[in-house]
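Here is the structure we will look at, set down as structure tokens.
What follows is calculated from the coordinates using simple rules that are stated; it is not laboratory data. Since the structure is predicted, the reported quantities are computational estimates derived from the model, not experimental observations. Neighbour counts are summed over all protein chains in view; Cβ atoms, including those assigned to glycine, are modelled from backbone coordinates with ideal geometry.
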Amino acid sequence: MLVFSDNSHVNLHSAQITTIKIIKMKITIQSKDFTANPELTEFIKEKTEKLFRLYDKIISCEVLLKIDKSETKGNKICDIRLVIPGNDLLAGAQCKTFEEATMQVIEALEKQIEKKKGKSNVAV
């Protein structure tokens, strides 16, 4: 039994204790040779946080945005590296927009995460 300063008490045998583990992964967004607008960085942050919900062992996420010097319309490049215990996961895409490239990379990383989770379940 716990007694509090206001003379109330709790019987520990009937109390339920729930521990919630809340950890944010570190997200680093680097734009090479240009400044990314806040809407783009927020979009990338939201999409990469989704990966952490899929796989909570992610330590950090490193995003590199760059523009290919070619004159083609699909010159926006997004590379993402997920730092995890063991081997890091990497993916990249080149598209017309950074948002489109980010979505392609996120989809590729989701597949890699599912594959990694499948392997770790087999090993257990």
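Which order, highest average first, do 94-100, 111-117, 34-40 follow once you tally other Cβ atoms within 10 Å for each residue and take the mean per peptide?
94-100, 111-117, 34-40
Could you give each residue of segment 40-45 its phi-based ³J(HN,Hα) in whole Hz, using Karplus coefficients 6.51, -1.76, 1.60 with θ = phi - 60°, and x for Gly or Pro?
Each residue's phi maps through the Karplus curve to give 5, 5, 5, 4, 5, 4 Hz.
Determine ³J(HN,Hα), in whole Hz, for all residues of segment 101-109 in sequence, where each value follows from phi through the Karplus function 6.51 cos²θ - 1.76 cosθ + 1.60 and θ = phi - 60°; x replaces Gly and Pro.
3J(HN,Hα) across segment 101-109, in whole Hz: 4, 4, 4, 5, 5, 4, 4, 5, 5.
Would you mind computing, in nm to one decimal, how far apart the modelled labels at Asn75 and Phe43 are, each placed 7 Å from Cα along Cα→Cβ?
Computed distance between label sites Asn75 and Phe43 equals 1.8 nm.
Provide the per-residue ³J(HN,Hα) series for segment 86-98, in order, calculated from phi with Karplus coefficients 6.51, -1.76, 1.60 and θ = phi - 60°, each as a whole number of Hz, with x at glycine and proline positions.
Values, residue by residue: x, 8, 5, 9, 10, 7, x, 8, 10, 9, 6, 10, 5 Hz.
Residues of segment 61-76 with the amide nitrogen closer than 15 Å to a label point 7 Å from the Cα of Asp33, along Cα-to-Cβ, please.
Zone members listed by number: 65-76.
Net charge near Leu65: determine it from the other residues with C-beta under 10 Å of the C-beta of Leu65, scoring Lys and Arg +1 and Asp and Glu -1.
In short, +1.
Please give the net charge around Lys76, taking every other residue with its beta carbon less than 10 angstrom from that of Lys76, where Lys and Arg add +1 and Asp and Glu add -1. Mind showing how you got there, number by number?
Details: positive: Lys66, Lys73, Lys96; negative: Asp68, Glu99, Glu100.
After counting each charged neighbour, the total is 0.
Would you mind getting the Kirkwood hydrodynamic radius of segment 23-123 from its Cα pairs, rounded to one decimal in Å?
Computed over segment 23-123, the radius equals 14.0 Å.
Could you work out how far apart the two model spin labels at Asp56 and Met103 are, taking each label as a point 7 Å from the Cα in the direction of the beta carbon, and quote it in nm?
Distance between label points: 3.0 nm.
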